[in-house]
Amino acid sequence: MLASLPLQMMLYFNVYYFPVWCLAEGMMLQLKYHLLPWHYQFLLVAAFLILSVAEGSRLYLGYVGNLQEK
């Protein structure tokens, strides 16, 4: 079984777009953070952190799995 070229290309471009997404999302979160009630502040920060960690691990596991044919 060979590595999937389309999957590798999508992972490659996603690795470069992910920091742009994090930066844009972080800036928007910073701009609207003080306008929200405390429970929405907590939920937004928690969701941002969970999504960032999940996306980073997904990209890493996709690279490793595709290149090692797993």
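Largest accessible area first, the listed residues Ser4, Ser52 line up as Ser4, Ser52 when surface is computed with a 1.4 Å probe on the assembled protein chains.
Once neighbouring chains are kept in place and the probe is 1.4 Å, which whole percent of the accessible area of segment 5-69 is contributed by carbon and sulfur? Taking all protein chains in place, segment 5-69 shows 78 percent carbon and sulfur surface. In the chain, the longest principal axis of the Cα atoms and the axis of helix 38-67 are about 10 degrees apart. Taking all protein chains into account, the per residue accessible area for the chain stands at 82 Å² (1.4 Å probe). The candidate values were (i) 70; (ii) 143; (iii) 91; the one computed from these coordinates for volume of the Cα convex hull per residue in Å³ carries the label (i).
The values are calculated or read from the model by the stated rules, or taken from the named source; none is laboratory data. These numbers were taken from a predicted model, which means no experiment stands behind them. Calculation scope for accessible area: heavy atoms of the full protein, side chains included, ligands and nucleic acids excluded. Shrake-Rupley method; radii C 1.70, N 1.55, O 1.52, S 1.80 Å.
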